[in-house]
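The structure under discussion appears below in the form of C-alpha cells.
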Amino acid sequence: MNSLLRIPYAAAWGAARGVASHVPPGGSKIRRVLAGRAGLLERYAEWAARYRDPSRKLLWMHAPSVGEGLQALPVLQLMRARRPDVQIAYTFYSPSAAHFASRLEADFADYLPFDTVEDARRAIACLAPNALVFSKLDIWPLLTETAAELGVKLGVVSGALSLHSRRGGMLGRQLLGDAYGKFDAVGAATPGDAERFRAQGVPYARVSVTGDTRYDQVWERAGRAATPLVESLRSVRPTVVAGSTWPSDERRLLKAWAGVMKGLPRTRIVIAPHEISEVHISGILAWAKMHGRSAARIDDAAPDTDVIVVDRVGVLGDLYALGHIAYVGGAFHRAGLHSVLEPAAFGMPVLFGPKHTKSADAANLLTARGAVVVRDATDIERWILRFFYSDDERQIAGGRAKEMVKRGLGAAERSFALVSRLLD
C-alpha cells in the first residue's frame, strides 16, 4: 500500500473497530456490520483454543457475501470430501452472508476482522492457516500483506475484475498494488480477467484461467432431486419465476402481467423479491387481489395459486425448477443485474432489463440467444406471450441457455487443484 495512504487507512479501520464494540444490534446494514464484529477476535481465539488441530493443515477461505460464497462452495465441498487432513475456516463481510455461512461444513465460520495489521496478526495467530484464498475479488490490502509476511500462501478462485472496476483506478492501484503482487496463485474466471489481474500487479506466471465455479454450483443444484417445497407447488400451468426483483422491476413486471393474464388467463407467476419486507410483500399480494387473482406467500401457496410471493431467503435457486420462463431482477435498478445462471441451468429463456452491461454471464447468454433484454412493461408482456404461444421457440431458447452453462463446467475441479497446491 502507498505509504501516504497507510496511516489514514489504518486509522479509519481502527476507528470502526472502536465503534463496533459500542454499537447495539439493529436493522440497518451498517449497524449489523459493526455489531457482528463486537468480540470477534475473542471468538477466533476461543475456537482456536478448543478446536484448532495443529497436526492438520488449515484453509482459510474468504467470500464477502452470498454470491461469492456460492462460488467458494464447490471448492469447499471438494476439499471436505477429498482432504480430511485439512480444516476449513470461512469468513464473510456482509451480514447477509451470516445465514449462508452457518450452513457450510466449515470448522470455523465468522465475520472477517477489520483490515488493520493488528487484527490481521491476531486472526492469523488464532487460525494458523496454511493458505488464505479469496473468492472472486474481495481482497483486503493489510490482511494480504500481513499474511504474506507471516508465510501464508495466498490465492484467488473464480477471480473477476471488471473493466469498470474502481480497483483499476489510480486510488485502487495505490491501495492494492502491493497486495496483488503478493499472490502465489490466481485462478481467473476468464482470459480478460486474467489480463486485468496481471495489470494490477500479480506476476504473470502466477495467473491462470480456471473458470467460474458458479457454473458447477448451479449445474449441480439444477440436477438434484426436487425439494419437497418444489414438489408441493408443481403445476402444468404456464409459469414465470421472477427472481431477485426490486420495486423498479415489479412496477414493470406487474403492469405487464395484467396484459399477460388477458391473453393467457391460466398463467401463474412466482415472485421472489431481493429485499424482503412486510410492506413490500403485502403490496404485491394486494396488487394480485385488486386484479382478481389468487395470491399467497410461499408457505401458504398451492399449485393453483395465481401469484406466489417468496417471503424467505434460500429457496429461489430451487424454485426456478417450477418455471417455463425466468425474469431476473436488478437491471432496472442501480444495483445491477442479479445472477442469471440459476434459471439458465434449468433450461429456461431468461428475461432481464437494460442495465446488464457489467454482467459477463448476461453477455454470454445473449450471445448464445438464450436471453432477451426487455426495456419496458410492453416488452416484458410481448416476450412472455411470445414464448408461451410458441413452445418450440421457448424450448430452443431454454436449451441454448442450458448449453451455455454446460460449457462453463470444470472450474470447481481446476480451482480445487489450485487450492490444493497452495496447501501443499
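Rg and Dmax of the stretch 34-113, Cα atoms, in Å?
12.4, 36
Ignoring everything but the protein chains, give the 1.4 Å probe accessible area of Trp219 in square angstrom, nearest 10.
Only protein atoms counted, so the area is about 80 Å².
Rg over Rh of the stretch 271-424, using C-alpha atoms and the Kirkwood radius, what does it come to?
Ratio of gyration radius to Kirkwood radius: 1.03.
Roughly how many whole Å is it from the C-alpha centroid of the stretch 294-319 to that of the stretch 106-154?
40
From largest accessible area down, sort Ser420, Ser102, Ser232; use a 1.4 Å probe on the protein chains. Show your work: numbers first, answer last.
Working: Ser420 15, Ser102 85, Ser232 60 Å².
Per-residue accessible area, sorted high to low, gives Ser102, Ser232, Ser420.
Using alpha carbon coordinates only, what is the Rg to Rh ratio of the stretch 119-247, with Rh defined as the Kirkwood radius? List each step's numbers first, then the result.
Working: Rg = 19.5 Å, Rh = 17.2 Å.
Looking at the stretch 119-247, the ratio lands at 1.13.
Taking every Cα atom in the stretch 180-315, find the radius of gyration and the maximum pairwise distance Dmax, and write them in Å.
In order Rg, Dmax, the Cα atoms of the stretch 180-315 give 21.2, 63 Å.
Can you send over the carbon and sulfur percentage of the accessible area for the chain, probe radius 1.4 Å, protein chains only? Don't skip to the end; give the middle numbers.
Values: 10170 of 18430 Å².
Here carbon and sulfur together make up 55 percent of the probe-accessible area.
In whole Å, what are the Cα extents of the stretch 302-379 along the three principal axes, biggest one first?
36, 26, 24
Computed from the mean reciprocal separation of all distinct C-alpha pairs, what Kirkwood hydrodynamic radius does the stretch 345-424 have, in Å? Walk me through the numbers on the way to the answer.
Values: mean 1/r = 0.0701 Å⁻¹.
The answer is 14.3 Å.
Just for the Cα atoms in the stretch 360-399, what are the lengths along the principal axes, largest first, rounded to whole Å?
Each principal axis gives a Cα extent; for the stretch 360-399 these are 28, 25, 9 Å.
I'd like the distance between the alpha-carbon centres of the stretch 321-361 and the stretch 218-244, rounded to an integer number of Å.
Value for the Cα centre distance between the two parts: 16 Å.
Once the whole set of protein chains is in place, how much accessible area is left on Ile396, using a 1.4 Å probe, in Å² to the nearest 10?
90
As a test of reading the structure, rank Arg221, Arg206 by solvent-accessible area (1.4 Å probe, protein chains only), most first. Let's see the in-between values first.
Details: Arg221 45, Arg206 95 Å².
Heavy-atom accessible area, descending, gives Arg206, Arg221.
Can you give the angle from 0 to 90° between the axis of helix 247-263 and the longest principal axis of the chain, with both taken from C-alpha atoms, to the nearest 10?
Between helix and principal axis, roughly 30 degrees.
Using Cα-Cα distances under 8 Å and only pairs 6 or more residues apart, what relative contact order does the chain have, in percent? Please list the in-between numbers first.
On the way: 785 pairs, mean separation 59.1, N = 424.
Relative contact order of the chain: 14 percent.
Report the Rg/Rh value for the stretch 43-189, based on alpha-carbon coordinates and the Kirkwood definition of Rh.
Using Cα coordinates only, the ratio equals 0.94.
Return one whole number: the accessible area per residue of the chain in Å², for a 1.4 Å probe.
43
The values are calculated or read from the model by the stated rules, or taken from the named source; none is laboratory data. This structure is a prediction, so every number in the text was calculated from the model and none was measured. What goes into the accessible areas is simple: the full protein's heavy atoms, side chains included, and nothing from ligands, DNA or RNA. Shrake-Rupley method; radii C 1.70, N 1.55, O 1.52, S 1.80 Å.
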